[in-house]
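Worksheet: one structure, shown below.
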Number of protein chains: 2
Amino acid sequence: MSFLNKIIKSRSEKNGILYAKIVPILGFKPKNISIYEKAFIHSSAKKLDSFGNEVNYERLEFLGDSILGAVISCYLFDEAPHGDEGYLTKMRSKIVSRKNLNQLGEDLNLIDLLISKVSNKHVGKNIHGNLFEALVGAIYLDKGYKFCETFIYSKIIEPHVDLKKLEGKVISYKSLMIEWCQKMHYQFEYQNNEEDGLDGLKYFEVKLFINNENISKAREVSKKKAEEKASRRAYYVLQNHID
Amino acid sequence: MSFLNKIIKSRSEKNGILYAKIVPILGFKPKNISIYEKAFIHSSAKKLDSFGNEVNYERLEFLGDSILGAVISCYLFDEAPHGDEGYLTKMRSKIVSRKNLNQLGEDLNLIDLLISKVSNKHVGKNIHGNLFEALVGAIYLDKGYKFCETFIYSKIIEPHVDLKKLEGKVISYKSLMIEWCQKMHYQFEYQNNEEDGLDGLKYFEVKLFINNENISKAREVSKKKAEEKASRRAYYVLQNHID
């Protein structure tokens, strides 16, 4: 057997087990499973790569932490159009707090995949969050930024981040637009149209008219979502006007 | 004139000036110039958007800071394959230090675009770096992550980041591969082939053979670059083997 095959073959069985366990956690099929392997190696395992360098999840944790910060920052920038820098920074700290990351890692039971020479009780209380960050780093390397962003949305933002709860304030672009039109004495109208999509689902197309001009439109699976999206698009157009 | 046109028209002239000034700084044509306008508004200008919210560069600075952190982290992760988390964190701090960011903003003369009610002497010594971060945030919003990454590479990493200088150590994947082959008593060979590209340039295709097996290949405009890239690809294949 060739030297390269020897190196690679020894991995395939272990990787097969990891693959089976990680697909349900990720919700997608990894391209390169060996990247994920590193996300679960604790420094106590004293693993080395072919070059004799120590391998553990800490480098991936560094990477994941940065990507997570960028994705959450972009989310907050969009979702909190009125928040100043201080507010955005505070909210980001709340979302990516050690407590929250630990909870996420624990919910996904990432510790089950940990390779360590010490018992799970002795790897530190932040192990769950650290593994979650390392997993984010691995996803970035395997699938790129956009994909990683989708993962973070599905695992953190959609199920857990409730800006209403975090700041005690509802952000609805539709109400923002309505309030603004009323303040400015502009007449507004949401026109909506229901249609059947090619995928068999019903879709709602909503057009927002202000003073009889079509400012924006959006298409979504519910009327409420379509109105919200059209309002948000109108908001962006109008927000670019600075007095 | 319709209400929307009125809102938008007042911007077009000012935006024309900004556009002319910013294209040489960016090195590309912005899609939506009004995003960039906000990157240069100082809080002292007390600007408001259509909704009566205060507008200044600080929100974009928050966003840019995060994107910058993510891009530099990914760069370091790739370029310093031996660096542990502590090393990567230290290097990132050095690269995105206030001093470096201020220098970058000053080199691009971003302060020339600043809209402020106080004199440039009184906007604080970190204004250059803050404007640079805000500009990165604007580029992200206008063109997306990948594009922003390219901008950061061209403005920071390629001209200014010299890991050799930062850590006093050369990272050459070719030497890593050669050292490793020698240590393992593997026979290695770089085969290279020169060819004319469709663009009229000469290209070098390099194949790295270890024990007569082709491990990786790369095509670049110089033999040195192609060898380095092929070595790096081989390194990644082999690094995935963990003992």
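The values are calculated or read from the model by the stated rules, or taken from the named source; none is laboratory data. What you are looking at is a predicted structure, and each value in this text was computed from that prediction instead of being measured. Note that each Cβ is placed from the backbone with ideal geometry, even for glycine, and that neighbours are counted across all protein chains shown. Side chains are part of the model used for accessible areas, which takes the heavy atoms of the whole protein and leaves out ligands, DNA and RNA. Shrake-Rupley method; radii C 1.70, N 1.55, O 1.52, S 1.80 Å.
In table form, for the structure just shown:
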item	result
Sole residue being without any contact (Cβ under 8 Å) to a residue 60 or more places away in the chain, under 28 Å from B:Tyr75 (Cβ atoms) and either among the hydroxyl-bearing types (Ser, Thr, Tyr) or more than 8 Å from every other protein chain (Cβ to nearest Cβ) (or both), chosen from A:Lys99, A:Lys29	A:Lys29
Residues within segment B:27-44 that are surrounded by fewer than 18 Cβ atoms within 10 Å (Cβ to Cβ) and either farther than 22 Å from A:Thr89 by Cβ or not hydroxyl-bearing (Ser, Thr, Tyr) (or both), tallied	5
The listed residue being surrounded by 18 or more Cβ atoms within 10 Å (Cβ to Cβ) and under 30 Å from B:His42 (Cα atoms), out of A:Leu208, A:Leu176	A:Leu176
Residue list for segment B:202-243, filter: within 14 Å of chain A (Cβ to nearest Cβ) and part of a loop (DSSP other than H, G, I, E, B)	B:Asn211, B:Asn212, B:Asn240, B:His241, B:Asp243
Qualifying residues in segment B:71-107 (those that are part of a helix (DSSP H, G or I) and small (Gly, Ala, Ser)) - the one most open to solvent (accessible area, probe 1.4 Å)	B:Ser93
Residues of segment B:60-75 satisfying the condition of being at the interface with another protein chain (Cβ under 7 Å from one of its Cβ atoms) and either under 16 Å from B:Ala134 (Cα atoms) or touching a strand residue (DSSP E or B) at 6+ places or on another chain (Cβ under 7 Å) (or both)	B:Glu61, B:Phe62, B:Leu63, B:Ser66, B:Ile67, B:Gly69, B:Ala70
Flag for A:Phe188 being within 13 Å of another protein chain (Cβ to nearest Cβ) and surrounded by 18 or more Cβ atoms within 10 Å (Cβ to Cβ)	yes
All positions within segment B:45-70 that are buried (at least 21 other Cβ atoms within 10 Å of the Cβ) and polar (S, T, N, Q)	B:Asn56, B:Ser66
Yes/no for A:Leu110 being more than 11 Å from chain B (Cβ to nearest Cβ) and open to solvent by less than 40 Å² (accessible area, probe 1.4 Å)	yes
Selection within segment A:50-59 - within 30 Å of the chain's Cα centre (by Cα) and facing chain B (nearest Cβ under 8 Å)	A:Glu54, A:Val55, A:Glu58, A:Arg59
Single condition A:Val170 does not satisfy, out of (1) closer than 22 Å to A:Asp78 by Cβ; (2) surrounded by 12 or more Cβ atoms within 10 Å (Cβ to Cβ); (3) modelled with pLDDT under 85	(2)
